[in-house]
1. Take the residue pairs 41/119; 41/122; 53/119; 4/34 and return only those whose Cα atoms are more than 20 Å apart.
2. Compute log10 of I(q)/I(0) for the chain with the Debye formula, placing one identical point scatterer on every Cα and leaving out solvent, at q = 0.12, 0.14, 0.19 Å⁻¹, to two decimals.
3. Tabulate in residue order the Karplus-calculated ³J(HN,Hα) for the range 69-78, using 6.51 cos²θ - 1.76 cosθ + 1.60 with θ = phi - 60°, rounded to whole Hz; enter x for Gly and Pro.
4. At 222 nm, what helix-only mean residue ellipticity would the chain give, in deg cm²/dmol to the nearest 500, using -39500 (n - 2.57) for each DSSP H run of four or more?
5. At 7 Å along Cα-to-Cβ for each site, give me the label-to-label distance between residue 33 and residue 65 in nm.
6. What FRET efficiency, computed as 1/(1 + (r/R0)^6) with R0 = 25 Å and r the Cβ-Cβ distance, is obtained for residue 77 and residue 1, rounded to the nearest 0.05?
7. Between 0 and 90 degrees, rounded to the nearest ten: what's the tilt of helix 33-45 against the longest Cα principal axis of the chain?
8. Compute a Gaussian network model of the chain, connecting alpha carbons closer than 10 Å, and tell me which residue from 53, 27, 19 fluctuates the most.
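Bear in mind that the values in this text are calculations on the coordinates, not laboratory data. Quantities reported herein were computed from a predicted structural model and do not represent experimental measurements. Cβ atoms come from the backbone with ideal geometry, glycine included; neighbour counts cover every protein chain shown.
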Amino acid sequence: MSEKQAKHVLDRVVARAPKLTAAQFCKELAYQEKACAYTRKQADAFCLKPGAKPRVLRSVVVRNTEESAGGRVLEIEGRTAGGQRYVSEFFVTAPGGTPRASVAVYWSGAGLADSPLGKDNKVLPQSECGHRARS
């Protein structure tokens, strides 16, 4: 899969993100709906919402293995709606030949378990839930 195809999937997901509930987001846009639901719950627990379109820092091909399908991972950087910086990995696969987001929640700072981009490239935003400090 080309970088252009993966960026096209990212653009499609980013355009739909503000128009859907989190549950719809995972159901309609993610190939791995269960993994998306887990990442969505992490984002929901921190009250994180997507901000403006992220930028792509770099991309790498992910080869097929016996355990998982290959595709392309985009390292993306952006800001949540609350203004916090994140760096996430956006993995695109092509089940049946159609490129799709593996886990579509791109604003959580999440990444692949065995990332070809390395272990320390992710930036996780902090909670935006508005918790007050205890006195």
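1. Distance filter (> 20 Å) returns 41/119; 53/119; 4/34.
2. Log10 of I(q)/I(0), two decimals: -0.43, -0.58, -1.06.
3. Those phi angles translate into 6, x, x, 9, 10, 9, 8, 10, 10, x Hz.
4. Values: 3 runs with 35 residues, N = 135.
Calculated mean residue ellipticity at 222 nm is -8000 deg cm²/dmol.
5. So the two model labels end up 2.6 nm from each other.
6. Values: r = 21 Å, r/R0 = 0.84.
The value I calculate is 0.75.
7. Tilt relative to the chain: about 20 degrees.
8. Greatest mean-square fluctuation among the candidates belongs to 19.
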